[in-house]
Ligand SMILES: NC(=O)c1ccc[n+]([C@@H]2O[C@H](COP(=O)([O-])OP(=O)(O)OC[C@H]3O[C@@H](n4cnc5c(N)ncnc54)[C@H](O)[C@@H]3O)[C@@H](O)[C@H]2O)c1
């Protein structure tokens, strides 16, 4: 059967990139993955994708790849993602997330064949919002270098799109979680070190370590921070919808479930899913954590017919737990 699209996926050995690659393949697209394996794993790349080990910042390699393939779309996941590390070493983050990505854009423009790019942006671009839920027209006021790299790359995309050089969709993800499970395999979150709440609680279950909830004196219903969780399967589907959408210029969408769960609710649901009593303590607030971050997802729902089907907390944690058990 003729393939629908030929897609370049950067960062396809990582968490979200590997799940999206899997769904793109299931949707009968041809997928070429480029990844430098700085945090991703070769074994996460689904069978059927072509893998090129290399860095998005490598101009010669990218030229070779764009000479060889006629891409219909580029999906750019490759990035460093640890907020704390970005505050300690901002240069590393600007080099990798902005300069290397800039090289990708330059190559796309020079080769003239593929104008469309879908970009992994983040709720981190908003900083501390003054109103909830967050809509796409809120000012971008990031509070850490990681968020700044995402904002800067969005600005470059927007300016290039305004000049007619590219067509770009930036997807601003909220908290991504969960796993994609097939009969024989599972793809899930495997960051080293892990900094995300759900895999951290699940690791406490496995290691029988006491779990720390940071702060219970926020102005929320139970005093703990509230976040919007999007299942990685729903997020991957959002990329396929974005790829299918014909656009001119630059468009940005929030990708969240449009609903918030508190850290304590996540913790309690994890106990329910795993049928385990997990010991916990309340720690001090962490610097930079704001009380509530939830998305308005109205725009993506109406423009792309986005319909999250797995983004309820129980399903997210159930799938993440299944993945955690399978990988041991
Ligand atoms: N995980 C989340 O909750 C979340 C939330 C908002 C935004 N995002 C964004 O989504 C994207 C994917 O995140 P993830 O959680 O899958 O991270 P991840 O670390 O699992 O995956 C990133 C992948 O990119 C690769 N990579 C990094 N720099 C590269 C480079 N210069 N050249 C080639 N490959 C490179 C890594 O090896 C890794 O495989 C990132 O852009 C991140 O900023 C993630």
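Here are a few things to note about the model shown:
- Folded to 0 to 90 degrees: helix 145-162 orientation relative to the chain principal axis, Cα: 30
- Within a Gaussian network of the chain (alpha carbon springs, distance under 10 Å), most fluctuating of 227, 285, 30: 285
- Using only the C-alpha atoms, the convex hull of the chain corresponds to 128 Å³ per residue.
- Helix-only CD estimate at 222 nm, as mean residue ellipticity for the chain, using -39500 (n - 2.57) per DSSP H run (n ≥ 4): -11000 deg cm²/dmol
- Residues 66, 138 in ascending order of nearby Cβ atoms (within 10 Å, fewest first): 138, 66.
- Cβ-Cβ FRET estimate between residue 244 and residue 50, R0 fixed at 25 Å, reported to 0.05: 0.70
- Nearest 10 degrees, 0 to 90: helix 313-327 Cα axis against the chain principal axis: 80
- Per-pair calculated FRET efficiency, R0 = 30 Å: residue 307 and residue 141 via Cβ, rounded to 0.05: 0.50
- Extended-chain gain in nm, criterion 0.36 nm per residue less alpha-carbon gap, residue 92 and residue 191: 33.9 nm
- Across all Cα pairs in region 231-282, the calculated P(r) in 5 Å bins from zero up to the longest distance comes to 4, 13, 17, 16, 12, 11, 9, 8, 6, 3, 1 percent per bin.
- Ranked 195, 302, 204, 311, criterion: other C-beta atoms within 10 Å, fewest first: 302, 195, 204, 311
- Normalised by 2.2 N^0.38 Å, with N the number of residues, the alpha-carbon radius of gyration of region 1-104 equals 1.08.
- Cα shape, region 151-235, gyration tensor, a/c 1.5 rule: oblate
- Computed on the Cα atoms alone, the convex hull of region 180-328 gives a volume of 140 cubic angstrom per residue.
- Take the Cα of residue 70, step 7 Å toward its Cβ, do the same at residue 208, and the gap between the two points is 6.1 nm.
- Here the extension length gained between residue 6 and residue 155 equals 51.0 nm, from 0.36 nm per residue of separation less the Cα-Cα distance.
- FRET efficiency, 1/(1 + (r/R0)^6) with R0 30 Å, evaluated for residue 37 and residue 325 via beta carbons: 0.75
- Interatomic Cα distance distribution for region 78-221, bins of 10 angstrom, percent: 10, 30, 34, 20, 6, 1
Where a number appears in this text, it was derived from the coordinates with a stated rule and is not lab data. Small disclaimer: the values here were computed from a predicted structure and weren't measured. Glycine gets a Cβ as well: all are built from the backbone with ideal geometry, and neighbour counts include every protein chain shown.
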